[in-house]
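Reviewing the structure listed below.
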Amino acid sequence: MAGSMNRTDVAKLVEPDQVHRTVYHDPDIFEMEMQNIFHKVWVYCGHETQIPNKGDYWTVQIGKQPMIMVRDEDNIIQVLYNRCPHRGAMICGNQSGNTGKEFMCSYHAWRFKTNGKLDKVPLSGGYEGTRLSLDGNQADMKRAARVDSYRGFVFASLAKDGPSLVDFLGEGKVAFDDMCDRAPEGEVEIVPTCFRVIQRSNWKIFLENQLDALHPSITHESSGRAAADMEKQIKAASGKAPLEYHYLSAFVTVPLVEWDRTQTVNFPNGHSLLQGYMGLRPRDPDTLAYEAAMHKHYGEKRTEEILGVNIHHVLLYPGLSVQSPLQQLRAVRPLGPDRTLTEIWHFRLKGAPEAIYRRALGYYNLVNSPSTMINADDLENFWKCSQGLASDGGDWVSFHRNAGQDTDRNGIITSLRGTSEAPMRNQFRAWADWIAQP
Ligand code: FES
Ligand SMILES: [Fe+2]
């Protein structure tokens, strides 16, 4: 369908309160999204602690481009195209590793420094008198146009012009502040490695679901019910159930009306946050030890400010979902109109007791991992949406819930209710702007 459509026509498929189904499955629109969104905006590459040593690298997809995030000999994080300047072979076939002081292409052994600069080619005399200069940058590995990081979270943009990373993230950077501030040492450390899940659905469906406070009590009801029953039995038998059961039972013990009492705050560039901290401040010895470590580093007043931050979830459009209070991060990498990779990570708060880390790990395994029923519940919905949206059963997707009832202050939109579809409207506002850009 989009073959004959220009970018302005495609942007018109988005109305303030509904979206045409074509945007979820048309291959030409997917191509436009790659060119006009993912190849321009800041895309998350990884955390700097993923590559702690010189020569450490991690491969990552930015839009359609295979990239390498690597720590070079000067300790600078580089993001390079994973492509040999000779005949185009991919340089790193592995997902991650340490390449030493150099990358060497497996095809004809061109060697590159870890900043991408050509170092040596075999029998280099063969290039004398040719149009290929080995001295300039003609034979270097190409770098991402821009690389920057915020509190250890590394992003790259393939476009040389555009807003800075901090401007692009705007208020959404609170995701990283909230996560890092909760560490007594003010930093987090990644826990290798990640779960990787390929979903048979469009990338936008995943992101729409992240702040969809209408779905948890419904979609996850049966999973939550089973956990709540077990929690009750364990409590009856031993007086106390492990905190981890609460992560799952909350899907039934927190009723829909309570989700509705929360709010979302929606920022420019499609970023949003859902308020409502998950009430994880029990008075057990582990929490008290953690709070003591926080007091030591920050003092009591600042500790209370940090632990009182009211965030459940932050969405950084178009590629990240962050649950900062539990140190969870999911990166979304579109592979095709109906294929999406998610990389599911969690972090350790530096300076916090081991037991606090175990909570992040518990949430990671029980709620976000591919082995939990919670994730399976969501995946089933995503696949069903994908199927339904490819059918002729209707042309429009409704985002009418509480439309026109949000409060807009200087471009920051606060939703009337937690279950308002304001975050989805906000995502598509950014999407249409980016798509329409020349
Ligand atoms: S393709 Fe890499 S050295 Fe030839
Ligand atoms: Fe869900």
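Each value in this text was obtained by applying a stated rule to the coordinates, not by laboratory testing. Fair warning: this is a prediction, and the values are worked out from it, not measured in the lab. Cβ atoms come from the backbone with ideal geometry, glycine included; neighbour counts cover every protein chain shown.
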Partnerless cysteines, meaning none of the other Cys C-beta atoms lie under 4.7 Å away, in the chain: C45, C92, C180, C194, C385
Karplus 3J(HN,Hα) series, Hz, for segment 208-216 with 6.51 cos²θ - 1.76 cosθ + 1.60 (x for Gly, Pro): 4, 6, 5, 10, 7, 6, 7, 8, x
Cα-based helix-to-principal-axis angle, 221-238 vs the chain, degrees rounded to 10: 60 degrees
Folded to 0 to 90 degrees: helix 373-389 orientation relative to the chain principal axis, Cα: 70 degrees
5 angstrom amide H check on N82, placed H, neighbours 5+ away: M67, I68
Between segment 304-357 and segment 184-256, the Cα center-to-center distance that results, in Å: 13 Å
C-alpha long axis of helix 244-253 to longest principal axis of the chain, angle in °: 60 degrees
Listed residues R200, R330, R302, most fluctuating in the chain (Gaussian network, C-alpha, under 10 Å): R302
Ranked list, fewest to most other Cβ atoms within 10 Å of each Cβ, for M230, M294: M230, M294
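Please give the calculated 222 nm ellipticity per residue for the chain, where each DSSP H segment of at least 4 residues contributes -39500 (n - 2.57) and the sum is spread over every residue; nearest 500 deg cm²/dmol?
Numbers: 14 runs with 135 residues, N = 438.
Per the formula, -9000 deg cm²/dmol.
Please compute the contact order of the chain in relative form: average sequence separation of alpha-carbon pairs under 8 Å and at least six residues apart, divided by the residue count, as a percent. List each step's numbers first, then the result.
Working: 847 pairs, mean separation 93.0, N = 438.
About 21 percent, as a whole number.
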Fluctuation leader among L326, L379, L243 - the chain, Gaussian network, Cα springs under 10 angstrom: L243
Counted charge near W110, where neighbours are those whose Cβ lies closer than 13 Å (Asp, Glu -1; Lys, Arg +1): +3
5 angstrom amide H check on L341, placed H, neighbours 5+ away: Q199, R333, L335
Highest-fluctuation residue, S238, S321, S106 considered, GNM on the chain with Cα pairs under 10 Å: S238
Computed over segment 1-72, Cα set: Rg, Dmax in Å: 17.1, 49
Proximal lysines to K240, defined as alpha-carbon separation beneath 28 angstrom and excluding residues fewer than eight positions away on the same chain: K232
Segment 16-31 - phi-based ³J(HN,Hα) in whole Hz, Karplus 6.51/-1.76/1.60, Gly and Pro as x: x, 10, 7, 9, 6, 4, 3, 5, 9, 9, 7, x, 5, 5, 4, 4
Cross-link pairs K54/K350; K117/K142; K142/K173; K40/K64 - those with Cα-Cα distance over 20 Å: K54/K350; K142/K173
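If you take all C-alpha pairs in the chain, what percent of them are over 35 Å apart?
Working: 32655 of 95703 pairs.
When every Cα pair of the chain is considered, 34 percent fall beyond 35 Å.
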Using θ = phi - 60° and Karplus 6.51 cos²θ - 1.76 cosθ + 1.60, couplings along segment 57-71 (whole Hz; Gly, Pro as x): 9, 9, 8, 8, 9, 10, x, 9, 9, x, 10, 10, 9, 9, 8
